[in-house]
Amino acid sequence: MDDDLRTCLWNAFYENIWNTFQVDDADWEDSRPVLIHCGRSFWIDLTKRYFKQPIDEVSTYAWDCSSILKQCFLNADWAKVYDFIEFLYTCTMLERGIEPFTKQCNQALEREMSGYRIINGRVTPITNSTEITSLEEAVKSPYEYANQHLHCALEKLSDRDNPDYRNSIKESITAVEAICRKLTNESTLDRALNKIGNKIDFNSQFKQGLEKLYYYTHEESRHALMKDSTTSFDEAKFMLVACSAFVNYLTAKASVLND
């Protein structure tokens with residue numbers, strides 16, 4: 001992460017989130033502006049959950065808080081900057097500003113040729129716009145169990161400290177299994193795919209491909225996969241993108257399958 005990207009990410013935070021907080025100039029000590037309302041709530045939440053410091057020992061002066069955060073963006077290890085960005089998506093009081101913040105950050109990440117993009121609140125090593133769109137659509141599908149598995153796969157793939165590619169693959173294919181079983185009320189993926197194939201124009205080769213992907217991570221093959229230390233980011237990324245695309249496909253076909 002070079003200085004230009006750090007500055008762009010700080011500007012995105014300052015313009016879309018920090019600059020929206022209200023301050024009160026009527027501090028009884030020296031009239032310095034203090035954070036109030038959402039800004040104060042955000043700072044206390046940040047102190048407790050991100051910095052993990054006692055909340056009775058921190059300043060709520062707007063300038064002090066802003067300086068601490070700016071130093072985090074401009075001087076911390078690059079992974080810590082991304083950790084902070086991800087933390088923002090867990091703060092419910094930021095919902096209004098988070099969408100333009102995401103857009104501006106992703107524009108900066110692309111412009112500065114970073115190998116990361118923000119997808120569903122995770123700073124993820126996926127940069128292809130088509131793949132990003134597919135993932136964002138899939139994790140917002142109306143099928144909660146599939147969404148949960150895809151989100152978990154994305155988290156394991158994106159973990160900068162301890163990426164878990166093998167379990168990311170498992171979660172990706174489990175998302176496909178979950179939506180297939182939900183749409184067909186069948187107990188196994190085999191039966192679900194057969195029922196789906198009977199209702200829509202489901203190419204037999206396509207069906208066999210999905211089954212092979214599933215068995216790649218299931219039963220005996222899954223046990224072998226879990227022991228395989230060579231499982232790579234590229235394999236996990238492929239499975240996540242492919243399974244997200246299939247979740248989107250089945251979501252679009254849901255009305256036909258439910259008839």
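FYI, it's all coordinate maths here, none of it is from the lab. If you're wondering where the values come from, they're calculated on a predicted model, not measured in any experiment. Ideal geometry is used to build each Cβ from the backbone, glycine not excepted, and the neighbour counts take in all protein chains shown.
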Open item on the list: Filter Lys52/Lys156; Lys170/Lys237; Lys140/Lys253; Lys170/Lys212; Lys156/Lys237; Lys140/Lys182 down to the pairs with a C-alpha to C-alpha distance above 18 Å, please.
Closed with: Lys52/Lys156
Open item on the list: What does the charge count around Arg122 come to, taking other residues whose C-beta lies under 12 Å from its C-beta (Lys +1, Arg +1, Asp -1, Glu -1)?
Closed with: -2
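For each of Ile55, Ile126, Ile179, count neighbouring Cβ atoms within 10 Å of the residue's Cβ, then give the residues from fewest to most. Display every interim value, and only then the final one.
Details: Ile55 13, Ile126 21, Ile179 28.
If I rank by nearby Cβ atoms, fewest first, I get Ile55, Ile126, Ile179.
Can you tell me, using C-alpha contacts under 8 Å and at least 6 residues apart, the relative contact order of region 1-104 as a whole percent? Intermediate values should be presented prior to the final figure.
Details: 85 pairs, mean separation 32.7, N = 104.
Relative contact order, region 1-104: 31 percent.
Taking only DSSP H segments of four or more residues, each worth -39500 (n - 2.57), what value at 222 nm results for the chain once the sum is divided by all its residues, to the nearest 500 deg cm²/dmol?
Values: 13 runs with 171 residues, N = 259.
Computed mean residue ellipticity for the chain: -21000 deg cm²/dmol.
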TODO: Work out from phi, with θ = phi - 60° and the Karplus expression 6.51 cos²θ - 1.76 cosθ + 1.60, the ³J(HN,Hα) of each residue of region 148-155, listed in order in whole Hz, and give x for Gly and Pro.
DONE: 4, 5, 5, 4, 5, 4, 5, 4
Task: Peptide ranges 188-200, 160-172 listed from the most packed, as the mean C-beta count within 10 angstrom indicates - done: 160-172, 188-200
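Can you tell me the FRET efficiency between Ser187 and Ala254 if r is taken as the Cβ-Cβ distance and R0 is 25 Å, rounded to the nearest 0.05? Walk me through the intermediate numbers first.
Numbers: r = 19 Å, r/R0 = 0.77.
The pair Ser187/Ala254 has a calculated efficiency of 0.80.
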Task: Taking the convex hull of Cα positions in the chain, its mean projected area over all directions (nm²) - done: 16.7
Open item on the list: Under a crude label model (7 Å from the Cα following the beta-carbon direction), how far is Ile68 from Asp56 in nanometres?
Closed with: 1.6
Open item on the list: In Å and on Cα atoms, what radius of gyration and Dmax does region 3-114 show?
Closed with: 14.2, 47
Open item on the list: Once you place label points 7 Å from the Cα toward the Cβ at Arg111 and Ile200, how far apart are they in nm?
Closed with: 3.9
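Multiply the residue separation of Asp77 and Glu144 by 0.36 nm, subtract the distance between their alpha-carbon atoms, and state the gained length in nm to one decimal. Intermediate results must be reported in sequence, preceding the final value.
Details: separation 67, 0.36 × 67 = 24.12 nm, distance 3.50 nm.
Once the chain is fully extended between Asp77 and Glu144, it gains 20.6 nm.
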Open item on the list: Can you give me the long-range amide H partners of Ile119? Hydrogens built in the peptide plane at 1.01 Å from N, cutoff under 5 Å, separation of 5 or more residues or another chain.
Closed with: Thr124
